[in-house]
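To keep things clear, I will list the structure first and then write my remarks on it.
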Amino acid sequence: MRDRRRGPVGADSLLHAGVKVYDGCVIGAWAILHSGAVIGADGLGFARDADMRWVKIPQIGRVILGDDVEIGANTTIDRGALEDTVIGNGVKLDNLIHIAHNCHVGDDTIMAAMAGIAGSARIGKRVMVGGKAGVAGHLKVADDVVVHQEHRQGRGPYLGCSHSVPRGLDQEFFTPPPSRCNGRPGARAGEEARRNGKEIMSEIIDINEIKQYIPHRYPFLLVDRIVEIELGKRALGLKNVTINEPFFPGHFPHNPVMPGVLIIEALAQAAAVLAFKTDGTIPDKDAMVYFASVDNVRFKRPVVPGDQLILDVEIVRTIRNIWKFKGVARVAGEVATEAEFMCAIKR
């Protein structure tokens, strides 16, 4: 059928019979979706609880398809867990492709059949992904990169890339040989339980565990949960902003806005949890984390009651007890605040 509605489905988009588009997803103009395509399903959003049982994580993001996108038959694009899964303008996806939650695919990228992009990966513009190739989660592939399989006689394929790919290199990247992938021929990119010696953890760190790592308490505890953490690299936390926050009556009485310095503080608290978890220690009551510097701060949108603040922090480097981080705070996928900051840990 040809759908000319404005809003969730853009003008002159064509959705063939059997296409499933879940609530809240947005399809741009001139898009073509072939039969069996599924846009906005939850995907594999689970984490272990304290009893090591699988618990479903609510998937509250959306899928946003840009203009002039073509989605092949039986291709699936999962909705974001917290932020949106975004497919840029002019992207072409073959049949039987899977794109997991929170991924961003840049404009004019093309992927061949049976490619797979794991959660939270960032794919640049004009990237070419070959058939059956894969990109591991949380990686960044720069613009104009080619990712495909490598076949070696008697060994089978090695899929895609298991490390972030900068622009300007050879532009053809392959998973390491089986001896570096737990000895399994054809091991999928990113399948190692540890990468570069740093453990990737998917379990939720709740507020009670957060309080073991940082000394802050109400009304200055500004991280409600850590939903994703990669030791030695990055963490993703959240802060639910409500009208009951103690700073809103004075900032401002008729237009409540979360103070920008407190957004920076929330990023720093998430970073402190990442630092102590990476260090493998639970601090004692005398341990403190202090700001050493804050640089390159940008405030791009206000944060108001009802917003869910997503705190994305990344370790830049560490020198003894000094840690440098890059932090980005987002609301509904839109950057609210970004900054670089250094913290000193006093034990």
Between ALA113 and LYS56, what length in nm is gained on full extension when 0.36 nm per residue of separation is reduced by their alpha carbon distance? 17.6 nm
Taking 0.36 nm per residue of separation and subtracting the Cα-Cα distance, what length does fully extending ALA47 through PHE299 add? 87.5 nm
Rounded to the nearest whole number, the per residue volume of the convex hull around the C-alpha atoms of the stretch 7-104 in Å³ is 86 Å³
What distance in nm separates the two pseudo spin-label positions at ARG347 and ILE243, each 7 Å out from Cα along the beta-carbon direction? 4.7 nm
Could you name the aspartates and glutamates in cross-link range of LYS326, using Cα to Cα under 12 Å and dropping any fewer than eight places away on the same chain? ASP295, ASP312, GLU314, GLU338, GLU340
I'd like the distance separating the alpha-carbon centroids of the stretch 213-248 and the stretch 1-72, in whole Å. 30 Å
At 7 Å along the Cα-to-beta-carbon direction for both LEU14 and ARG320, put a label point, then send me their distance in nm to one decimal. 6.7 nm
Please compute, for the alpha-carbon atoms of the stretch 260-344, the extent along each of the three principal axes and give them in descending order in Å. 35, 24, 18
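Values quoted throughout were computed directly from the atomic coordinates according to the rules given, and no laboratory measurement underlies them. The structure presented is a predicted model; accordingly, all values stated were derived computationally and were not measured. Here Cβ is always computed from backbone atoms with ideal geometry, including for glycine, and neighbour counts include all displayed protein chains.
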